[in-house]
Amino acid sequence: MIAGVDEAGRGPLAGPVVAAAVILCSHGIEGLNDSKKLSPARRAELEAIIKARCRWAIARVEPDEIDRLNIFAATMLAMTRAVAALGVDPAEVRIDGNHSPARWRDEWRWPARAIVGGDATEPAISAASILAKEARDALMRQACARWPAYGFSRHKGYGTREHLDALARHGPSPIHRMSFAPCAQALLL
C-alpha cells in the first residue's frame, strides 16, 4: 500500500492549507496528472472517480493555526493529519515536494519519500493533488458566499490585484492569514 500526499493552498493570503492522502485502487485510474495541468472539468471528473474507487482522506489547517505555526509547519501538519485519517498504515508515503513531514512532525510514523514534481510523475500523488485542490477550491467558493467583497471564488485567496485591492478597501476577513505581510499591512491602512 503506497499513499500519495499533496497539498493545496500554501501561497494564498486567506483560507486553510489542505492536504490529501490517496491509496490508489489496484487497477489504477487513467488520466491522472498534476492538478494544475488539468481543466476544472477534468479535475472534477477525476475527483469523483478517485473518491469512488480509492482510499482517501483530506485534512486542513485553518488560518489561525497557520498564523500560530507558520505555513511550512502547518503544511507538514495537514499532511500528517491526512495520512492519519486514512485509517490504515501505508507501507510507504510518497509526498510531493522536497520535504517530508517525517523530519518535522513527531507524530509521523510512516516510511516516507519526498519527490520533487511527484504530482506529475507519481499517480497516487497526482490523485492527492486533485483531491486537495478540489477540496480547497470548494472551501474558497463557500468563503466567497460568506464574504463576497473579496472575490475568493475567483482567485482562491491568492494575492491577485483584485484581492489586494479588496484587502485595502475592506481590511482582513476572519479567514485571512494575519502572519502574511499583505494581511498584516492591511490593518495599518
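The values are calculated or read from the model by the stated rules, or taken from the named source; none is laboratory data. None of the values given here were measured: they were computed from a predicted structure. Because the Cβ atoms are built from the backbone with ideal geometry, glycine has one as well, and the counts that use them run over all protein chains shown. Remember, those area values only see protein heavy atoms, side chains included, never the ligands or the DNA or RNA. Shrake-Rupley method; radii C 1.70, N 1.55, O 1.52, S 1.80 Å.
What's the number of the condition residue 107 fails, among (1) within 19 Å of residue 19 (Cβ to Cβ); (2) in contact (Cβ under 8 Å) with a residue 60 or more places away in the chain?
(2)
Can you run down the residue pairs with Cβ atoms below 9 Å, 6 or more apart or on separate chains, where the first is in the stretch 87-100 and assigned to a strand (DSSP E or B) and the partner is among the basic types (Lys, Arg) and surrounded by fewer than 20 Cβ atoms within 10 Å (Cβ to Cβ)?
Hits for this filter: 92/113; 93/113; 94/113; 95/113.
Of the residues that make up the stretch 119-139, is at least one farther than 23 Å from residue 46 by Cβ, open to solvent by 10 Å² or more (accessible area, probe 1.4 Å), touching a strand residue (DSSP E or B) at 6+ places or on another chain (Cβ under 8 Å) and without any contact (Cβ under 8 Å) to a residue 24 or more places away in the chain?
For the stretch 119-139, residues farther than 23 Å from residue 46 by Cβ, open to solvent by 10 Å² or more (accessible area, probe 1.4 Å), touching a strand residue (DSSP E or B) at 6+ places or on another chain (Cβ under 8 Å) and without any contact (Cβ under 8 Å) to a residue 24 or more places away in the chain: absent.
Taking the stretch 156-171, which residues are in contact (Cβ under 8 Å) with a residue 24 or more places away in the chain, on the phi < 0 side of the Ramachandran plot and of a type outside the set (A, V, I, L, M, F, W, C)?
158, 159, 163
Restricting attention to the stretch 104-118, and to residues there that are open to solvent by less than 40 Å² (accessible area, probe 1.4 Å) and assigned to a loop (DSSP other than H, G, I, E, B), which single residue is nearest to residue 92 (Cα to Cα)?
Result: 110.
Of the numbered conditions (1) part of a loop (DSSP other than H, G, I, E, B); (2) more than 13 Å from residue 136 (Cβ to Cβ), residue 10 satisfies every one except a single condition; which is it?
Among (1) part of a loop (DSSP other than H, G, I, E, B); (2) more than 13 Å from residue 136 (Cβ to Cβ), the lone unmet condition for residue 10 is (2).
Take the conditions open to solvent by less than 10 Å² (accessible area, probe 1.4 Å), modelled with pLDDT of 95 or more, under 24 Å from residue 107 (Cβ atoms) and in a strand (DSSP E or B) and apply them to residue 22. Does it pass?
Here the answer is yes, as residue 22 does meet what is asked.
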